[in-house]
Structures are given as structure tokens and as C-alpha cells.
Amino acid sequence: MSLRQLLKKSTMAATTGVREIRCAQRGDGPAAVLGIGTANPAHCLLQDDFPDYYFRVTNKEHLTDLKDTFKKLCQATGLERRFFFHHMLDPQTKDEAQPSPGFLPAGISTPPDARLDMVTKAAPELAARAAAKAIARWGRPATDITHLVVSTNSEARSPGVDVVLASLLGLGPSVCRTALQLNGCSAGSAALRLAKDLAENNRGARVLVACVELTATSFRGPEQGDTFDTLIPQALFSDGAGAVVVGADAVSPAERPLFEMVSASQTLIPDGSGAERLLSIRLGLGEGGMIHGNASSKLPGFVGQHLERCLLDAFQRLGCSPPLSASTTWNDIFWVVHPGSRGILDHIDSALRLEPRKLAASRTVLRDYGNMLSATVIFVLDELRRRMEEEGDEAPEWGVMVGFGPGFTVETMVLHTATTH
């Protein structure tokens, strides 16, 4: 046999071996949600009380016109309460919850390093509470977790929340960690998209997704030049953590799949020019390392204008007519939508002609917890799970998860119920 023939035979054998190895590495079935958990800090503020509190604690009560604007903004958000870790000391009453050490004493801002130190300790602890619930509902020990995906907009440094969280949960040193930082509200959906790929391409993998958000690093007092739009983050965002265990080929009876993750996609809607360019969400590190972002009051209309096209593309990739067949409508599926604000949900309702109950889970989470950025969509998923268990056989079989983020980015995931109602 010639050298050329020998090399050719060797190459063919190696190729066959690699393909066999690759097939053995992959899971057989689709990734599925196996457990969900959520957590919030202990301290809660009513949204109706927040404007007075916000201007009082920052010593800006003299900005009366701006305070009136902020009150209208808070009323328009659709929130009834929000949770905070950085429970600020009220300089007037002195009897509200004690502040975290050094945070905003008598209206003086805390140095950036001190805020980040707070997040470094508090974020993993809050994430661990949510993760422990998800793991308990999953039904297997934490040591069976093979991959950890952590998302946060509260810090941008390494090592970060993922390292401390792995230690708190007792995960092994061989756990594959991935950290998503400063990906905005869509990060929860993006983390679940990544978990789907990891679970389906690593046989036997069990992926823990943990999204944790603390507003301590983005909190600021009102300024003379503020407007309705620039104050949106202070009126809307809240603290919370959500966790999900994802895996393919569930092991019965220990594991009970809740939702199968059928397909996932991301769409970046390009910036326009002029006024439309101002609609894109931006998030980044500012002066002194503080995390800041911006949004626009015109964003809800922008979402309503573009969302249906993204959804049609997501279903058509599966070979389906909108949304599943020519005889169905958007009301025939279930919805897990990140509730950026009440205005966004209202515009989605209008654009897709949805029945009021279709976005009920999103509205409930927004009302009771506020916008917790990446963690919010996990709260909605858990609320929908609870509602579907109550509905039984009446619950839809197919659904979609939607998240919105910087750019303007739309994350979509087609879901299928894995349980019998």
C-alpha cells in the first residue's frame, strides 16, 4: 500500500471516529426546564410612596417640578411595589430600615467601590437563595450540576458572582462557568438560550442558570436637568434573583420536565436615524465605574411595531405558519414576556390583538416585583407555571418566551409544555 493510500485510510478512520464521538456527546432529546426558583431582598417599598421617599432620602425635595414629573412616571409604570437590598435610611423619620453600611447616609452618595463591595457580597447570596429553590424543585443534588450560567447587570468584573455562587452552592471545581454581564433585560432569555445549547450538546449536562440584579450600583439621586425619560430607571427597576435548572433527556422519576425549549433566536433591530436612534437601550460603565443605562418613553411603541416580525421569523424557522398553523392566532399560545413596563405590555397587546389574560403573568410580576432586568423573565416563567397547573387541560400546549435588551435586541424562544395538564 502506498503512502498516499495509507494516509487516506488513516484520515477516513479518524473522521469516522470524530463523528462517532460527536454523536455520543450530544443529548437525544430537547433541553427542558427542570426546576425554577426566585428570591427577593427582605425590604419592600410601595410604588405610591416611592416618589416622596426618593426625593427625601436624596435631599432633593426642593426640586418640586421634577418631583411632580417623577410621581406621574411612577404611576405610569404599572408597579405597586418594589424590592431593594440597599435599604436607605430615611433622614426625616429615622425609623425606616437601617441602610447597608455606608450607603447614602443623609443623601450623600456612596463611593463606587463601596457599592460594588456590597454587590459582591449580596448578589451571590440572593442568587443562592433562588438557586437553592430551583435545585430543590429539580429533585437532584447540587453536585449533579455540570454547567453554571450567571447573568447580572450589577457588576462588571472578574472573578464575579459566578465564582462565589458556585462555592455557596457546593458545586464542584469542574463546573463550567459562564458569566453574562451588562446584557440588560434580555440577559435572562439569553442565558436560557445558552443553557439550551449547553444541555443539548453535552450528554447528561445539567445547567444552572442564575440571574441576579441589585440596583445599588445604578441608584442615583434626581438632578436639575432630569426629564421623564432620564428618570425611568429610577422609577422602574427593582432587586431580585431567578434560577432555572435546564437539562435534556430527563431521568425518570427523579426529574420532571416543565417546558421543552424547542428553538431559540435573537434579532437585533438596527438603529435608525434621528428620533428612532434614541429608542435603542444602552447600558454601560460610567464615571467612577458606576453602571448606568437609558431608555425612552417612546420605546413601548417601538416594541409593538417590530415584535410580530421577530415572532413570525421564530416560528417560520420551525416550518410553521404564524404562529403554528393557518387556523391559529397569537391567542392560541401561552406567553412568557419580559415586562419592561406597563406601556410595553399594552403595545404588545394591541399589536398582536391579544386577549387580556395572555399577558397576565407578565403584568402580575411587574405589578408585584417591578422590572428586575434579567431575573424578571424567570419570575414570569414561574408565575405562568403556577397558572398553567391551575388551568389543567385548558392551558395551551405551545408558547413563546420574549426578552428585550440593549441594541434594540429581541430574544425569542419557542416553548412546549412537557407535562400533561
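The values are calculated or read from the model by the stated rules, or taken from the named source; none is laboratory data. This structure is a prediction, so every number in the text was calculated from the model and none was measured. Quick reminder, even Gly has a Cβ in these numbers, built from the backbone with ideal geometry, and neighbours come from all protein chains shown. When the accessible area is computed, the model is the full protein with side chains, heavy atoms only, and any ligands, DNA or RNA have been set aside. Shrake-Rupley method; radii C 1.70, N 1.55, O 1.52, S 1.80 Å.
Miscellaneous remarks
- Checked against (1) surrounded by 19 or more Cβ atoms within 10 Å (Cβ to Cβ); (2) small (Gly, Ala, Ser); (3) touching a residue at least 24 places away in the same chain (Cβ under 8 Å), Gly172 passes all but condition (1).
- All of (1) part of a loop (DSSP other than H, G, I, E, B); (2) open to solvent by 50 Å² or more (accessible area, probe 1.4 Å) hold for Glu125 with one exception: (1).
- Checking the stated criteria, Val337 turns out not to satisfy the condition of being farther than 30 Å from Phe50 by Cβ, out of contact with any Phe, Trp or Tyr (no Cβ under 6 Å at 6 or more places or on another chain) and surrounded by 20 or more Cβ atoms within 10 Å (Cβ to Cβ).
- Qualifying residue in the stretch 396-406 (condition: part of a helix (DSSP H, G or I) and either under 18 Å from Glu213 (Cβ atoms) or open to solvent by 10 Å² or more (accessible area, probe 1.4 Å) (or both)): no
- No other residue among Leu359, Leu366, Leu354, Leu381 is of a type outside the set (Lys, Arg) and not in a helix (DSSP H, G or I) apart from Leu354.
- Test set (1) within 26 Å of Asp52 (Cβ to Cβ); (2) modelled with pLDDT of 70 or more; (3) in a strand (DSSP E or B) - His292 fails condition number: (2)
- Number of the exception - Ala134 against (1) buried (at least 17 other Cβ atoms within 10 Å of the Cβ); (2) of a type in the set (Gly, Ala, Ser); (3) at pLDDT below 95: (3)
- Any hit, the stretch 32-39, residues being hydrophobic (A, V, I, L, M, F, W, C) and at pLDDT below 95: no
- Residue under evaluation Asn371, criteria (1) closer than 24 Å to Glu308 by Cβ; (2) in contact with a Lys or Arg (Cβ under 8 Å, 6 or more places away or on another chain), criterion not met: (2)
- Test set (1) of a type in the set (Ser, Thr, Tyr); (2) in a loop (DSSP other than H, G, I, E, B); (3) in contact with a Cys (Cβ under 7 Å, 6 or more places away or on another chain) - Thr267 fails condition number: (2)
Okay, residues lined up against (1) surrounded by fewer than 19 Cβ atoms within 10 Å (Cβ to Cβ); (2) modelled with pLDDT under 90; (3) charged (D, E, K, R):
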site	(1), (2), (3)
Val303	no, yes, no
Phe315	no, yes, no
Leu318	yes, yes, no
Pro322	yes, yes, no
Asn331	yes, no, no
Ser350	yes, no, no
